[in-house]
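The values are calculated or read from the model by the stated rules, or taken from the named source; none is laboratory data. Nothing here was measured: the structure is a model prediction, and the numbers come from that model. Counting neighbours? That spans all protein chains shown, and the Cβs are built from the backbone with ideal geometry, glycine included. Just so you know, the surface numbers come from the protein's heavy atoms only, side chains and all, with ligands and any DNA or RNA stripped out. Shrake-Rupley method; radii C 1.70, N 1.55, O 1.52, S 1.80 Å.
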Amino acid sequence: MYSLKEPNHIYREESGRGTIWSRLTRIRAFLICVLLTGSAYLTVYCNRAFCGDQPAEAPVATISTEQSTAAAGPTKRPVTIADSIQMTRLGDLKYTNGWPSNGMVAKFSPDGRHFVVILRKGNLEANTNEYSLALFETGEVFRSPKPRVLVSLASSSNRPAIDNVRWLDDNDTILFLGERLGEQTQLYSLKCSSKELTKLTTSATNLTSFVTTASGQVIVHTAKNPVSPFLTESVKRKGITVTSEYVTDLIRGRGSYGGNEVEDASLFVERLGQEAEAKIATHGRISGIFPPEMSLSPDGAHLLLQTEATHVSNTWSEYEDQFLQSSMHQSGPLGAHTGILQYELVDTITGDSQVLFDAPISSFGSEMAWSPDSRSVVVSDVYLPLNVDDPAELALRKAHTFLVEFKMSDGQFVKVSQDDLRLLNWDPKAGYLACDVGRIDSLNGKTTPKAYFRKSGETWSRSTARGQAGVPSLPDIILDEGMNTPPRIVAVDPPTGRKSILMDLNPQFQDLALARVEEITWKDSRGNEVKGGLYWPPDYIAGKKYPVVIQTHGWITNRFWMDGPFTTAFAAQAMAGKGFFVLQDDGPDWHLWLTSKEAPKAMASYEGAIDYLDRRGLIDRNRVGITGFSRTYWYVTYTLTHSKHHFAAAALADGVDYSYFQYMVFSNADPSAAGEFEQVYGGPPYGKSLPQWIKESPSFLMDKIETPLRIQTLGPESVLLDWHWYSGLARLGKPVEMIYIPEGTHVLEKPWDRMVSQQGNVDWFCFWLKGEEDPDPTKAEQYKRWRELRSPRGQTASGVNTR
């Protein structure tokens with residue numbers, strides 16, 4: 001139960017559970033907003049082996065009003081994985097997962113006089129991530145301000161220790177989700193004036209999201225559903241009739257028999273002064289993996305949230321959205337995931353819930369904003385119901401998403417625009433809707449034009465933004481970073497453009513020999529133009545040819561990346577420091593998404609990059625490595641089984657590979673994902689479409705692989721889904737190694753997990769591409785295994801000759 005008067009303290013913990021559905025859905029969502037000769041071994045690392053002789057931890061942040069100056073060249077040293085882990089970063093969860101920092105840096109108080117910034121860094125010795133909440137005075141940002149750290153918390157789980165920060169209207173109280181070591185994620189209250197920290201919830205499971213009214217009188221939160229054992233007295237007598245259960249849950253004997261509720265969350269509402277919180281039943285499913293997008297009306301009477309539709313209308317297949325159509329291409333048992341989101345409206349007083357209207361949300365997401373008087377809510381990028389008779393209007397609704405206003409009085413909606421817009425806010429003072437034009441560009445951090453809409457009567461029209469007379473504008477608090485510019489928090493005066501550096505987040509970088517990053521453009525092997533980022537060895541010598549490692553997706557020019565866009569498997573700066581060129585590719589190609597051309601197009605990009613860098617005289621094309629992660633797990637396995645280019649080493653981590661095995665494992669629990677596989681190959685892996693699977697699916701062609709392969713599996717489901725690659729290649733006598741990180745998440749968070757993944761890949765590519773071994777005695781067993789993999793044997797353990 002909530003209590004704004006109960007002093008206490010916090011935290012949260014979560015296993016590395018990334019169920020088949022959650023893992024595949026995570027990959028889908030993640031890509032859309034920026035948007036798988038010798039004996040073989042299965043190695044299960046105890047991550048504690050990496051906590052011994054490590055560099056001392058760096059401070060959370062150092063305040064500076066001047067840009068750091070570079071240290072003398074001879075004193076600089078190459079970047080290491082430890083430097084990346086201990087780097088201070090913006091702590092917003094979306095930013096750490098690859099989203100641009102637009103609007104994420106500063107959380108302003110309602111009166112605009114203060115703002116807070118969340119920062120994080122890794123602690124290798126303790127295997128924790130340390131978070132801090134720093135407070136600034138807005139009026140001092142151009143006078144060399146010194147922030148005040150309000151609270152510092154450490155997380156030993158895969159979740160943030162400080163997240164989802166929201167100010168109350170007293171301009172002193174901050175609510176946020178947080179955790180302390182060994183505890184669950186709970187809701188906390190923090191008084192800025194006194195630094196008093198109060199725990200407001202005592203949930204038995206982790207809270208995943210919350211919203212509140214400005215006064216804190218009404219608070220809505222979601223909490224993960226508890227895990228329950230399968231082995232009940234009834235099951236002992238009758239067994240289990242399998243429907244939509246995950247096979248891994250059945251094997252482990254825990255989860256949610258009869259459905260997928262274990263991966264879901266429940267919704268709770270509490271009003272200040274009431275003794276108990278109320279649990280709200282919703283029509284759709286609330287994910288316990290991804291915090292749901294939701295918004296509370298200013299008066300607290302209604303909640304609008306996005307839920308996964310459990311029942312999908314057949315008419316939804318008529319919308320011209322390829323991602324939506326792939327999700328509709330399914331059949332499965334009742335309770336299986338659909339992967340399609342819808343809007344639900346909840347009456348927080350009565351607890352009643354209703355689907356907003358019979359139409360899905362765009363595959364690329366949607367935003368919502370309430371009117372100041374709570375009488376209506378505007379939502380973006382939604383489809384409208386197809387229950388219209390006018391053919392022109394019907395065709396428009398099938399082809400377009402809309403920005404619409406939903407009126408609470410009569411439940412009707414009013415179209416605002418059919419343009420491609422990302423809703424930013426409904427300005428309560430100026431009275432207009434503000435939007436970015438171009439959703440994908442906006443989500444990718446590109447500068448986009450703004451569109452403003454005002455309402456006259458019942459009609460909306462485009463307008464121009466006008467600030468209120470006599471009201472000074474707030475400074476823009478931005479993260480100043482670029483591909484060669486480490487991040488600094490900067491204040492910008494909008495009228496004049498004047499800048500002030502508030503914090504140099506990593507002044508210790510002046511002692512590092514950072515790789516220079518160059519954006520390059522090349523033609524893929526089919527003649528299409530591709531862009532990416534090239535990390536140069538810091539000690540590059542003209543005329544010398546270097547090994548190169550290709551990191552296979554996610555390039556954006558306006559981010560400073562130590563690793564690349566992700567902390568799993570990628571290690572760009574540390575790899576460059578070891579004498580490699582590292583190419584960060586920008587795939588995937590969204591125009592070919594879920595078609596038979598998608599993986600071949602990625603392969604053509606890698607081939608063209610190798611040819612381009614070879615023509616420039618930069619690389620030795622006989623020493624090329626490649627890393628696949630998430631969706632590019634598929635791209636890399638496809639490339640290794642179809643390309644005529646030589647790859648001297650490869651690494652894969654936690655992804656989909658569009659294989660027969662993965663298809664069969666999760667089809668009952670997530671038929672929408674199975675529909676994606678069928679869309680790629682033109683049908684299921686039997687009957688008329690079977691030959692296409694055999695021709696194109698990499699797992700049917702693994703006998704063609706000669707490249708030494710390091711496979712990282714993150715959590716039990718990852719082991720299952722990628723097991724066929726390890727067991728198949730091992731059976732064929734191929735040089736393969738599998739690394740199991742039991743509590744690893746898709747994007748790795750814990751320092752020791754990152755060390756296993758990233759440092760292991762650095763060592764792997766140094767060994768195979770450069771013939772180098774780290775003299776660290778704790779790695780002796782590692783190199784013994786790899787030398788055995790390098791030894792030609794030509795026989796499997798059963799003695800079958802494979803050469």
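Considering only the range 238-248, I want to know if a residue exists there that is open to solvent by less than 10 Å² (accessible area, probe 1.4 Å), at pLDDT below 90, under 30 Å from Gly715 (Cα atoms) and of a type in the set (Asp, Glu). Yes, that holds for at least one residue. Sub-6 Å Cβ pairs linking a first residue in the range 232-255 that is on the phi < 0 side of the Ramachandran plot to a second residue that is open to solvent by less than 80 Å² (accessible area, probe 1.4 Å) and among the hydroxyl-bearing types (Ser, Thr, Tyr), at least 6 apart or interchain, are Tyr246/Thr19, ordered by first then second residue. Among the criteria (1) under 25 Å from the mean Cα position of the chain (by Cα); (2) buried (at least 24 other Cβ atoms within 10 Å of the Cβ); (3) aliphatic (A, V, I, L, M), the one Leu592 does not fulfil is (2). Looking at (1) closer than 28 Å to Trp786 by Cα; (2) of a type in the set (A, V, I, L, M, F, W, C); (3) modelled with pLDDT of 95 or more, which one does Leu714 not meet, given that it meets all the others? For Leu714, the exception is condition (3).
If I ask for residues that are hydroxyl-bearing (Ser, Thr, Tyr), crowded, with 16+ Cβ neighbours inside 10 Å and farther than 22 Å from Gln306 by Cα, which ones from the range 201-237 would you list?
If we filter the range 201-237 for residues that are hydroxyl-bearing (Ser, Thr, Tyr), which is where we start, we get 201-203, 205, 208-209, 212-213, 215, 222, 228, 232, 234.
So of that shortlist, the ones also crowded, with 16+ Cβ neighbours inside 10 Å come out as 201, 203, 205, 208-209, 212-213, 222.
Scanning the range 201-237 gives Thr201, Ser203.
Per-residue answers, yes or no, for (1) within 25 Å of Lys597 (Cβ to Cβ); (2) in a strand (DSSP E or B); (3) modelled with pLDDT of 95 or more:
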site	(1), (2), (3)
Tyr612	yes, no, yes
Arg621	no, yes, yes
Val624	yes, yes, yes
Trp634	yes, no, yes
Thr639	yes, no, yes
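Selection of the range 602-646 for residues being of a type in the set (Ser, Thr, Tyr), open to solvent by less than 10 Å² (accessible area, probe 1.4 Å) and within 24 Å of the chain's Cα centre (by Cα) yields Ser605, Tyr606, Thr627, Ser630, Thr632, Tyr633, Tyr635, Thr637. The test for being in contact with a Pro (Cβ under 7 Å, 6 or more places away or on another chain) and surrounded by 23 or more Cβ atoms within 10 Å (Cβ to Cβ) does not hold for Thr198. Right, Ser380: at pLDDT 90 or above, within 30 Å of the chain's Cα centre (by Cα), among the polar types (S, T, N, Q) and assigned to a strand (DSSP E or B) or not? When the stated conditions are applied, Ser380 passes them. Of the listed requirements (1) out of contact with any Ser or Thr (no Cβ under 8 Å at 6 or more places or on another chain); (2) at positive phi; (3) not acidic (Asp, Glu), Gly438 misses just one: (1). Going residue by residue through the range 299-314, is there one that turns out to be over 19 Å from Ser362 (Cβ atoms) and surrounded by 21 or more Cβ atoms within 10 Å (Cβ to Cβ)? Within the range 299-314, one or more residues are over 19 Å from Ser362 (Cβ atoms) and surrounded by 21 or more Cβ atoms within 10 Å (Cβ to Cβ).
Applying the condition of being closer than 9 Å to Leu640 by Cβ and buried (at least 16 other Cβ atoms within 10 Å of the Cβ) to the range 702-712 and asking which residue is nearest to the chain's Cα centre (by Cα) yields Leu709. Determine if the range 569-580 includes at least one residue that is open to solvent by 10 Å² or more (accessible area, probe 1.4 Å) and among the polar types (S, T, N, Q). No; the residues of the range 569-580 include none that is open to solvent by 10 Å² or more (accessible area, probe 1.4 Å) and among the polar types (S, T, N, Q).
Within the range 136-152, one or more residues are assigned to a strand (DSSP E or B), small (Gly, Ala, Ser) and surrounded by fewer than 19 Cβ atoms within 10 Å (Cβ to Cβ).
Taking each residue of the range 613-631 that is among the hydroxyl-bearing types (Ser, Thr, Tyr) and looking for partners that are open to solvent by 20 Å² or more (accessible area, probe 1.4 Å) with beta-carbon atoms closer than 7 Å, six or more apart or interchain, yields Ser630/Phe30.
Would you point out the residue of the range 103-127, among those that are within 18 Å of the chain's Cα centre (by Cα) and in a loop (DSSP other than H, G, I, E, B), that is farthest from Trp752 (Cα to Cα)? My answer is Gly103. Gln306 fulfils the conditions (1) closer than 23 Å to Leu396 by Cα; (2) out of contact with any helix residue (DSSP H, G or I) (no Cβ under 9 Å at 6 or more places or on another chain); (3) at pLDDT 90 or above except for a single criterion, (1). Residues of the range 453-476 that are modelled with pLDDT under 85, of a type in the set (A, V, I, L, M, F, W, C) and either in contact with an Asp or Glu (Cβ under 7 Å, 6 or more places away or on another chain) or closer than 26 Å to Val414 by Cβ (or both): Ala465 alone. Taking Met562, is it touching a helix residue (DSSP H, G or I) at 6+ places or on another chain (Cβ under 7 Å), more than 17 Å from Ala651 (Cβ to Cβ) and among the aliphatic types (A, V, I, L, M)? In short, yes.
Name every residue in the range 502-525 that is open to solvent by 20 Å² or more (accessible area, probe 1.4 Å), closer than 17 Å to Asp614 by Cα and either of a type in the set (Phe, Trp, Tyr) or out of contact with any strand residue (DSSP E or B) (no Cβ under 8 Å at 6 or more places or on another chain) (or both), in order of residue number. If the condition is that a residue be open to solvent by 20 Å² or more (accessible area, probe 1.4 Å), closer than 17 Å to Asp614 by Cα and either of a type in the set (Phe, Trp, Tyr) or out of contact with any strand residue (DSSP E or B) (no Cβ under 8 Å at 6 or more places or on another chain) (or both), then Ser525 is the only one that fits.
Would you confirm whether or not the range 406-425 contains a residue that is in contact with a Pro (Cβ under 7 Å, 6 or more places away or on another chain) and not in a loop (DSSP other than H, G, I, E, B)?
First, the residues of the range 406-425 that are in contact with a Pro (Cβ under 7 Å, 6 or more places away or on another chain): none.
So far as the range 406-425 goes, no, none of its residues is in contact with a Pro (Cβ under 7 Å, 6 or more places away or on another chain) and not in a loop (DSSP other than H, G, I, E, B).
Thr521 meets each of the listed conditions (1) touching a helix residue (DSSP H, G or I) at 6+ places or on another chain (Cβ under 7 Å); (2) part of a strand (DSSP E or B) apart from (1).
Can you go through Lys450, Lys499 and tell me which one is farther than 28 Å from Arg120 by Cα, in contact with a strand residue (DSSP E or B) (Cβ under 8 Å, 6 or more places away or on another chain) and of a type outside the set (Ser, Thr, Tyr)?
On the way: Lys499 fails: farther than 28 Å from Arg120 by Cα.
Checking each option against the conditions leaves just Lys450.
Restricting the first residue to the range 136-159 and requiring it to be over 19 Å from Ile478 (Cα atoms), which pairs with a second residue that is surrounded by 21 or more Cβ atoms within 10 Å (Cβ to Cβ) and aromatic (Phe, Trp, Tyr) meet a Cβ separation below 8 Å and a spacing of at least six or different chains? From residues that are over 19 Å from Ile478 (Cα atoms), the pairs are Ser152/Tyr131; Leu153/Tyr11; Leu153/Tyr131; Ala154/Tyr131; Ser155/Tyr11; Ser155/Tyr131.
Name the residue that is farthest from Trp593 (Cα to Cα), counting only residues in the range 662-684 that are polar (S, T, N, Q) and not in a loop (DSSP other than H, G, I, E, B).
So in the range 662-684, the residues polar (S, T, N, Q) come out as 662, 667-668, 672, 679.
After this cut, where a residue has to be not in a loop (DSSP other than H, G, I, E, B) as well, the list is 662, 672, 679.
Numbers: Gln662: 19, Ser672: 15, Gln679: 10 Å.
Once the filter is applied, the top-ranked residue is Gln662.
The residue of the range 249-273 that is farthest from Leu304 (Cα to Cα), among those that are open to solvent by 60 Å² or more (accessible area, probe 1.4 Å) and modelled with pLDDT under 75, is Arg254.
Residues that are open to solvent by less than 20 Å² (accessible area, probe 1.4 Å) and not in a strand (DSSP E or B) were ranked within the range 159-195; the one that is nearest to Gly112 (Cα to Cα) is Leu168.
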